[in-house]
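Chemist: Quick one: this structure, given as structure tokens, is what I'll be asking you about.
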């Protein structure tokens, strides 16, 4: 059955994520992925030339999902300060749900993220750009003050100041009883720093 | 020679730190510590009743050193906003120097910190209290606005917002080319949030 379906990059990536999750990133091989799909490993290599390229693409695909719950706050039409709070809260919720929901997958992606720092850097750049866009909207609307240097620098500072609430290195702290209050206090600090 | 010196807790702790650093926290034993001091392990146990108590005390002693370079900014008489920047910069510099200067010792204390979370919590509480004190001074002097709830909550938010620049989980990022600019941008954001 599986053999007759068209072997797309997306199917390979979905299977690879599941194989990585099941065997762990140290043991999972391209042969395991091919077996899970019922194809030869040569077929997998026609889409991804190396194991490293395949793992990088899986990492990108996983990070890409981050943007789905954030989009309404970037595109949204509400007041920019509330959109920023919404965006930061959605990011924290997403990361926390990921961390709490599937520890094997989270452990896998911690390893992949360590291997693919360029992918992570590009991903963070895009997140920072989204914050910068909300800041610029808010400045136009008179909600946020002018940035001290530029929106990009301030956006990066907002991203870094909330690092404890989205960086997987802190995942173990997110289930703690103080996590929500700590998050709210940092968001309040950030909003106060930005207001016009 | 060593045997004739008085066996103080401080001598045991200094020797333990060196033994942990040399053998690693997984292998170091109380017998190793006793051997390094030229005493029986019973003599060590008279000061520290368990291996865990000894490791906890070493962790406390290591964290205690943090306060030395911070003290001038807590007690200082300069403007509170500059004292806060000085305090945050001194903490970042200290952690960065520790992380860069002696990787074995840093790796050792990462393990000890994981084992002794109550010690770390108390340590963080004291750091947050120092920030709260600077905030209260600054509010009295008209440099900082009144806190939204209380100085303690705002101080914790400042501590959390600068986490990337003092939490050992981020040590690998501190040598990067952007670390200083990123730190300066977060400190600027924090100062803007606090100003009267």
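The values are calculated or read from the model by the stated rules, or taken from the named source; none is laboratory data. Just so it is clear, the structure is predicted and the values come from calculations on it, not from any experiment. We place every Cβ from the backbone using ideal geometry, glycine too, and count neighbours over all the protein chains shown.
Chemist: Among the residues of the stretch A:9-29, is any assigned to a loop (DSSP other than H, G, I, E, B), under 23 Å from the mean Cα position of the chain (by Cα) and surrounded by 15 or more Cβ atoms within 10 Å (Cβ to Cβ)? Don't jump to the end; show me each part of the working.
Modeler: Of the residues in the stretch A:9-29, the ones assigned to a loop (DSSP other than H, G, I, E, B) are A:24-29.
Cutting the leftovers down to under 23 Å from the mean Cα position of the chain (by Cα) gives us A:24-26, A:28.
Still in the running and surrounded by 15 or more Cβ atoms within 10 Å (Cβ to Cβ): A:25, A:28.
Within the stretch A:9-29 (the criterion being assigned to a loop (DSSP other than H, G, I, E, B), under 23 Å from the mean Cα position of the chain (by Cα) and surrounded by 15 or more Cβ atoms within 10 Å (Cβ to Cβ)), the answer is yes, since at least one residue qualifies.
Chemist: Identify all residues within the stretch B:78-95 that are within 13 Å of residue B:136 (Cα to Cα) and assigned to a loop (DSSP other than H, G, I, E, B); write none if there are none. I'd like the intermediate steps shown before the answer.
Modeler: Step one: of the stretch B:78-95, the residues within 13 Å of residue B:136 (Cα to Cα) are B:79-81, B:83-84.
Matches in the stretch B:78-95: B:79 only.
Chemist: Could you check the stretch A:134-166 and list, in sequence order, the residues that are surrounded by fewer than 23 Cβ atoms within 10 Å (Cβ to Cβ), touching a residue at least 24 places away in the same chain (Cβ under 8 Å), in contact with a helix residue (DSSP H, G or I) (Cβ under 7 Å, 6 or more places away or on another chain) and assigned to a loop (DSSP other than H, G, I, E, B)?
Modeler: Hits for the stretch A:134-166 are A:141, A:143, A:145, A:166.
Chemist: If residue A:120 passes every condition in (1) touching a helix residue (DSSP H, G or I) at 6+ places or on another chain (Cβ under 8 Å); (2) within 11 Å of chain B (Cβ to nearest Cβ) but one, which one does it miss?
Modeler: For residue A:120, the failing item is (2).
Chemist: Looking only at the stretch A:143-196, which residues are at pLDDT below 95, away from chain B (no Cβ under 11 Å) and more than 20 Å from the chain's Cα centre (by Cα)?
Modeler: A:146, A:177, A:196
Chemist: Would you confirm whether or not the stretch A:78-90 contains a residue that is surrounded by 15 or more Cβ atoms within 10 Å (Cβ to Cβ), farther than 25 Å from residue A:181 by Cα and in contact with a helix residue (DSSP H, G or I) (Cβ under 7 Å, 6 or more places away or on another chain)?
Modeler: no
Chemist: Here is a follow-up. Can you work out which of the residues in the stretch B:184-196 that are in contact (Cβ under 8 Å) with a residue 24 or more places away in the chain and surrounded by fewer than 21 Cβ atoms within 10 Å (Cβ to Cβ) is nearest to residue B:122 (Cα to Cα)?
Modeler: B:191
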